[in-house]
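Participant: Let me begin by handing over the structure; questions about it come next.
Every number here is computed from the coordinates shown, using simple stated rules; none is lab data. Just so we're clear, the structure is a prediction, and the values are computed from it rather than from any experiment. Please note: Cβ atoms are built from the backbone with ideal geometry, for glycine as well, and neighbour counts cover all protein chains shown.
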Amino acid sequence: MSRVDLAAFWSLFMGGWGATFPFLGLYFRENAGLSGTEVGIVLGVLPLVGLVAQPVWGQLSDRTGSRSRTLGLVCLAAGVSYLVVPLARGFASILAVMAVSAGFSTAVGPLATAVTLGALGSAGLREFGRVRVWGTVAFGIVVVTFPFLLDALERAGDLQPAADGPSEPALGAIFVATGVAWIAASALVLRLPRSVEVAPRAARGEWRELLRSRSYRRVVFLTFGAFLCFQGPMMLFPIWVRSLGGDADTVSRLWIPMLALEIPLVAWAGQGLDRIGARGLVTVGILAGALRWTICAFATNPLVVYPAQLLHGVTVAGLVVGAPLYVEQCVSERLRSTAQGALAMLGFGLGGVVSTWLSGIMLDRFGATAPSLAGGLGGFALAALLPFFLPRPVKSVAP
């Protein structure tokens, strides 16, 4: 795949995600009528299913060597499944549909990371951010513009918010927009010749080498801790905004500072890697997340809330990009997809499951600010541990 193809894929994938991710909690709470605990369970099922799906698809990708083909098929299935979500009614049906969808959607990111790093070759570590940033740009454009499109859709259908109903009656359209974008992304990958490969095949049982890598084990553990602190507050972010009197437009506007800093930081992640290393990127990302959610827990003034969202970009560039780059320095290219999938499974996924469920419970019992406060304080504790726990990345897996 060329860099243009890779950038286009990331744009469609993350652009589609931008239509859904900021509003998932709001949709399930208001439009679907779920309780806070049920919202936490539904959102938590995404990374829970990913615990199985991500390593399975990653191992299949490495064993067959057909990484781009696997990515395209998984992305296609994810897009089709999202088209079905608005048809589900009731907690059990919504949970089942989201669980099936998560079997594909949660694996797209790790597979795309592995394919991108492999396709970029020796320049992968330095150039990865410059390719992935186009996904962030598309995500930002969709987040900012989608509320306007939603308002136009509601006007066309003469849909008005009711006193006891959802603030955005047509919010189910987010799943249609995401599904169409992901199907288009899959078509971009699947049109490539079958001979396009990005790395050699892994041998049977070679994945066990990951268990012997001290660097890999520890970065997975720390990523789990970080997502345990931050994912729940992030998934319930629109509900927190609503608790302050905001609506979908407010959520959209708050994403502007979140992405304003993320775009240049992700693009320059390679330069950051040269200056402070992958371990430094992870440290800065966790500190930024801790500070952001602590501020949100106490802030009610928009003059404070809006600037605090700039720290989101630091967290993404430092943790969400930095951790996969750290992994890339630890493992053999034959295990690239498996390693990224396991990081997503045990770090991003398992941490996200527990965090989202706990945050849903805290939402019901203590209010909308409780998840932010717990996440912020937990993040600071994790950052204090990191310099003593996470070693410099060492490629202990034989090439």
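Participant: Identify the residues of segment 345-380 with backbone N under 11 Å of a label point that sits 7 angstrom from the Cα of Ser35 along the Cα-to-Cβ direction, or state none.
Facilitator: 361, 364-365
Participant: Please determine, in degrees from 0 to 90 and to the nearest 10, the orientation of helix 350-366 with respect to the longest principal axis defined by the Cα atoms of the chain, where the helix direction is its Cα long axis.
Facilitator: Once rounded, one gets 20 degrees.
Participant: Moving to a separate point now. Give the peptides 149-156, 213-220 in descending order of average Cβ contacts within 10 Å, highest first.
Facilitator: For the peptides 149-156, 213-220, the packing ranking is 213-220, 149-156.
Participant: Follow-up. Need the C-alpha centroid separation for segment 1-51 versus segment 62-97, integer Å.
Facilitator: So the two Cα centres are separated by 11 Å.
Participant: Using only the alpha-carbon atoms, how far is helix 269-298 inclined from the longest principal axis of the chain? Give it as 0 to 90 degrees, nearest 10.
Facilitator: Roughly 20 degrees, rounded to the nearest 10.
Participant: Quick one: Cα convex hull volume of segment 256-388, Å³ per residue?
Facilitator: 115 Å³
Participant: How would you rank 140-148, 320-328, 170-178, highest first, on the average number of other Cβ atoms within 10 Å across their residues?
Facilitator: Top of the packing list down: 320-328, 170-178, 140-148.
Participant: Then there is this: Rounded to the nearest 500 deg cm²/dmol, what is the calculated helix-only ellipticity per residue at 222 nm for the chain, with -39500 (n - 2.57) per DSSP H run of length n ≥ 4?
Facilitator: Estimated from H runs of four or more residues: -24500 deg cm²/dmol.
Participant: Relative to the longest principal axis of the C-alpha atoms of the chain, give the angle of the C-alpha long axis of helix 3-20, reported between 0 and 90° and rounded to the nearest 10°.
Facilitator: Taking Cα atoms only, the helix is inclined about 30 degrees.
Participant: According to a simple spin-label model (label point 7 Å from Cα along Cα-to-Cβ), what is the distance in nm between Asn301 and Leu385?
Facilitator: Using points 7 Å along Cα→Cβ, the separation is 3.5 nm.
Participant: Something else now. Could you compute Rg(Cα) / (2.2 N^0.38 Å) for segment 3-389, with N its residue count?
Facilitator: Here the answer is 0.93, to two decimals.
Participant: Rounded to the nearest 0.05, what FRET efficiency do Ala156 and Val80 have when you use their Cβ-Cβ distance and R0 = 25 Å? Each step should come with its number before you reach the end.
Facilitator: Details: r = 26 Å, r/R0 = 1.03.
The value I calculate is 0.45.
Participant: How would you order 357-369, 47-59 from highest to lowest mean count of nearby Cβ atoms within 10 Å? Could the numbers behind the result be given before it?
Facilitator: Details: 357-369: 19.0, 47-59: 22.8.
My ranking of the peptides, most packed first, is 47-59, 357-369.
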